[in-house]
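Student: Can you keep this structure in mind? I'll have questions shortly.
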Amino acid sequence: MNETDIQAAVDDMLAELMQEGIAGSGDYIDADTGLLMCGKCRTKKQTVVKLMGRTMKPSCLCKCRSEELEKEEQKRKDKELMEGISRLKSAGLQDRTFFGYTFANCDEMHPCAGYAHRYVGRFAEFQKDGQGLLFWGDVGTGKTFLAGCIANALMEKNIPVLMTSFPKLLNALGGIYSGEKNEYLKSLNRYQLLIIDDLGVERDTPYVLETVYLVIDERYKSGKPFIITTNLSLEKLQNPADLEHGRIYDRIMERCVPVAFSGKNYRTGKGRANIESASGILKA
Ligand SMILES: [Zn+2]
């Protein structure tokens with residue numbers, strides 16, 4: 001074959017590959033190997049396979065196309081993750097205001113912000129030990145806010161969290177047949193962390209106390225961590241008025257590290273109590 005014939009054969013081959021959709025515009029046949037090359041990244045779009053004495057040239061991905069596909073795959077994964085996170089948040093945050101309780105909106109000067117950050121950062125360890133937190137202190141000291149920051153930060157890591165309150169749980173349980181209540185309580189264990197806001201605001205009736213006990217006891221038995229926020233004092237939690245309160249508080253105190261929240265004087269007053277009560281595990 002002379003050079004013109006070779007050129008014609010190559011042109012024919014290229015035309016055929018274009019017709020089959022394998023070659024794109026700008027692609028060319030490498031003169032030495034006879035393989036189709038990408039016009040953009042100048043790497044192989046065909047490879048050589050020898051099978052039972054026959055030589056075949058199956059197509060393969062050139063560099064730019066395979067990078068393109070990788071990027072598309074990453075984009076799809078990112079989108080899936082974001083959708084998963086927003087599903088987690090709409091299922092896990094039982095109050096619209098909780099959506100705004102994020103570390104991005106957090107005053108890092110808050111004396112308890114560090115505890116919340118460390119809880120998120122070392123969640124795997126706390127999870128293993130079933131270790132939770134007890135945020136206690138006066139109204140308006142940021143307990144719910146920081147608990148919400150923990151909830152949002154964990155869900156952004158794709159960890160299912162439920163942040164609710166006893167009035168909400170009582171409400172949900174009120175609408176369920178007694179035989180199915182246990183199932184409902186067990187279903188809360190699919191959340192890796194359960195946050196119950198504002199213990200102590202619920203009415204103090206035997207039914208309510210029994211229900212609060214069942215919620216806490218189920219979580220306690222599951223060995224999974226929970227966070228409680230409350231306006232009740234640590235003293236009251238440690239010295240319950242009666243057995244009914246005592247069996248609730250005992251389980252909370254056993255699993256949750258108390259963190260004192262205070263509006264002022266936190267450096268000298270309750271802040272010091274934290275250092276003693278946090279059992280070392282929350283310190284940096
Ligand atoms: Zn290419």
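The values are calculated or read from the model by the stated rules, or taken from the named source; none is laboratory data. Everything quoted here is computed from the prediction, not taken from an experiment. Cβ sites come from the backbone with ideal geometry, for glycine too, and all protein chains shown count toward neighbours.
Student: Could you list, in sequence order, all residues of region 36-52 that are within 21 Å of residue 26 (Cα to Cα) and assigned to a loop (DSSP other than H, G, I, E, B)?
Tutor: Across region 36-52, the qualifying residues are 38, 39, 40, 41, 42, 43, 45, 47.
Student: Residue 40 is checked against (1) within 12 Å of the ligand (Cβ to nearest atom); (2) surrounded by 12 or more Cβ atoms within 10 Å (Cβ to Cβ); (3) more than 30 Å from residue 4 (Cα to Cα) and fails just one. What number does that condition carry?
Tutor: (3)
Student: Just give me the residues in region 224-237 being surrounded by fewer than 23 Cβ atoms within 10 Å (Cβ to Cβ) and farther than 24 Å from residue 152 by Cβ, in sequence order.
Tutor: 232, 233, 234, 235, 236
Student: Closer than 21 Å to residue 114 by Cα and either outside the structural domain of residue 136 (by TED's automatic domain parsing) or surrounded by 19 or more Cβ atoms within 10 Å (Cβ to Cβ) (or both): is that true of residue 219 in this structure?
Tutor: Against the criterion (closer than 21 Å to residue 114 by Cα and either outside the structural domain of residue 136 (by TED's automatic domain parsing) or surrounded by 19 or more Cβ atoms within 10 Å (Cβ to Cβ) (or both)), residue 219 does not qualify.
Student: Could you count how many residues in region 163-188 are closer than 21 Å to residue 98 by Cβ and in contact (Cβ under 8 Å) with a residue 24 or more places away in the chain?
Tutor: Selection size over region 163-188: 10.
Student: Quick test for you: out of 48, 10, pick the one residue that is away from the ligand (no atom under 16 Å from the Cβ), loosely packed, with under 14 Cβ neighbours inside 10 Å and more than 30 Å from residue 164 (Cα to Cα).
Tutor: It is 48.
Student: What's the number of the only condition in (1) surrounded by fewer than 16 Cβ atoms within 10 Å (Cβ to Cβ); (2) assigned by TED's automatic domain parsing to the domain that holds residue 166 that residue 101 fails to meet?
Tutor: Here residue 101 meets the rest and fails (1).
Student: Same structure again: As an exercise: evaluate residue 167 against (1) part of a helix (DSSP H, G or I); (2) within 16 Å of the chain's Cα centre (by Cα) and give the number of the one condition it does not meet.
Tutor: That leaves (2) as the condition not met.
Student: Right, residue 68: without any contact (Cβ under 8 Å) to a residue 12 or more places away in the chain, acidic (Asp, Glu), within 15 Å of the ligand (Cβ to nearest atom) and part of a helix (DSSP H, G or I) or not?
Tutor: yes
Student: Considering only region 53-60, I want to know if a residue exists there that is outside any loop (DSSP other than H, G, I, E, B), touching a Cys at 6+ places or on another chain (Cβ under 7 Å), more than 30 Å from residue 159 (Cα to Cα) and within 16 Å of the ligand (Cβ to nearest atom).
Tutor: No, that holds for no residue.
Student: Another question, if that's okay. Quick check on my filter: what residues within region 20-37 are within 13 Å of the ligand (Cβ to nearest atom) and among the charged types (D, E, K, R)?
Tutor: Once the filter is applied, which keeps residues that are within 13 Å of the ligand (Cβ to nearest atom) and among the charged types (D, E, K, R), region 20-37 yields only 27.
Student: While we're here: Looking at region 133-159, I want the residues that are within 30 Å of residue 80 (Cβ to Cβ) and have a partner that is of a type in the set (Gly, Ala, Ser) with Cβ atoms under 7 Å, at least 6 apart or on another chain. Which pairs are those?
Tutor: Short answer, once both residue conditions are applied: 146/113; 146/116; 149/116; 150/116; 151/92; 155/92; 158/84.
Student: Test of understanding: among 108, 73, 83, which residue is away from the ligand (no atom under 15 Å from the Cβ) and assigned by TED's automatic domain parsing to the domain that holds residue 144?
Tutor: On inspection, the qualifying residue turns out to be 108.
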